[in-house]
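See below for the structure under consideration.
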Amino acid sequence: MAVTVQTVFVADGTLLGARLSPALASAVLYYLREQQASVALEELRRFAALVELEGDQMPAMLRFPWDLIGHCGEQIVRDLPLFSARLPNVQGDDPQLVTRGRHVYIAESARLDGPIVLDARDGPVIIDEGAQIEPFSFIQGPAYIGPNSLIASARIRGETSIGPTCRIGGEVEASIVQGFSNKHHDGFLGHSWLGEWVNIGAMTTNSDLKNNYGSVRIVLEGLGQLDSGVLKLGCFLADHVKLGIGLHLNGGTVIGTGSNIFGIHSAPKTIPPFTWGGDVFREYRIESMIDVARKVMARRKRSLSPEYEALLRAVLVSRAPVVAI
């Protein structure tokens, strides 16, 4: 498809992208910054060629957070040509490494200590540079283990993406774990999304299926309570969330940036950013939270940049008030 300047791409009435001159881009920048894509699209229709994507051209549309989870496994499969171009394909002759299926790709710098089972019959298993898989681990594809991540004798079910530099134990199913996050101990994480620098305590577990097998409801800021239309849906933990030991999270739980939750059996389904506590919730003082973030990031040889700190402070300013319970 030849693309010239002043071309707008649309799918089902949704603005996906555009190639614009600096002048036209400046004319609609305000609307895009204010999340007013429909207004921007109307303006662009006047000056740009419109390309409607349909059929095989249609991309996967990610409208809600749970769409990321739903497409994770498919995306790993679509990315297989990229992985296979740079990682060796492994067929296990080692009795300590049992492989099933043809699409097992393991970086030469990865460390695998058997016995380990890698099951690629339902999708590829990708183990990237510097990853370490400890004995008695089971990894079912499609699954991606990112660079320098540790799988600590865990059960990793299909449609899971992990890393880089994560520490994962227990059981994980159909989840996305962003970089530098830890779930090192036993407990279940299913159909969930974790941001960066999250830490989950031992035996903390989430539910991803209602007892009545109904679709899971979830509260999103600015939209209120929504019916996800999804049968299995776990939790969403934003960057720098810390969870103590033995917490139970219901399906559809959302915990905001920087929150530190501990000392209770069942967490509320919606917790605003920078919340501290358990029996009683309070605002997590930003200076204390940033001090902890610096210590945590230093352990992984990372630093908290001024820009990142400013972003955290902006989230605090915009958050809803904490309600004591």
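Here, each number is a calculation from the coordinates, and none is a lab measurement. In this text the structure is predicted, and so the values were computed from the model without any measurement. Note that we place each Cβ from the backbone using ideal geometry, even for glycine, and neighbour counts take in every protein chain shown.
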Rounded to whole Hz, the Karplus (6.51, -1.76, 1.60) HN-Hα couplings of segment 259-276, x for glycine and proline: 6, 10, 10, 7, x, 10, 7, 10, 7, x, 6, 10, 10, x, x, 6, 9, 10
Low-density loop positions, trypsin sites (Lys or Arg not before Pro), segment 51-96 - DSSP coil, at most 13 other Cβ in 10 Å: ARG63
Förster-model FRET efficiency, 45 Å R0, ALA49 and ARG78, C-beta, rounded to 0.05: 0.95
Residue exposure sequence - ILE271, ILE264, ILE156 - by fewest surrounding Cβ within 10 Å: ILE264, ILE271, ILE156
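Set the Förster radius R0 to 51 Å, insert the Cβ-Cβ distance between VAL98 and SER303 as r into 1/(1 + (r/R0)^6), and round the FRET efficiency to 0.05. Can you show the working numbers first?
Details: r = 41 Å, r/R0 = 0.81.
Efficiency computed from Cβ-Cβ geometry: 0.80.
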Cut-off 12 Å between beta-carbons: net charge of the residues surrounding PRO135, Lys and Arg +1, Asp and Glu -1: -1
Whole-Å distance, taken between Cα centres, linking segment 74-98 and segment 1-45: 39 Å
Fewest-first ranking of TYR284, TYR144, TYR31, using other Cβ atoms within 10 Å as the exposure measure: TYR31, TYR284, TYR144
Residue with peak Gaussian network fluctuation, the chain [Cα springs, cutoff 10 Å], from VAL125, VAL117, VAL39: VAL39
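May I ask you to compute the full-extension gain from LEU220 to HIS265, defined as 0.36 nm times their residue separation minus their alpha-carbon distance, rounded to one decimal in nm?
Gain on extension, LEU220 to HIS265, equals 13.9 nm.
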14 Å reach of a label modelled at GLU108, 7 Å along Cα-to-Cβ, counting backbone N of segment 75-89: 86-89
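Could you list LEU15, LEU243 so that the one with the fewest beta carbons within 10 Å of its beta carbon is first and the one with the most is last?
Going from least to most buried by this count: LEU15, LEU243.
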The chain shape via C-alpha gyration tensor axes, a/c threshold 1.5: oblate
Cα centroid separation, segment 108-163 to segment 177-244 (Å): 21 Å
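When the chain is fully extended, how far beyond the present Cα-Cα distance does ARG313 get from MET61, taking 0.36 nm per residue of separation?
87.6 nm
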Gaussian network model of the chain, Cα within-10 Å springs - most flexible of LEU194, LEU249, LEU24: LEU24
Most mobile listed residue (GLY130, GLY179, GLY13) in the chain, GNM with C-alpha springs under 10 Å: GLY13
Loop-located chymotrypsin sites (Phe, Trp or Tyr not before Pro) in segment 176-246 whose Cβ has at most 14 other Cβ within 10 Å (DSSP): TYR213
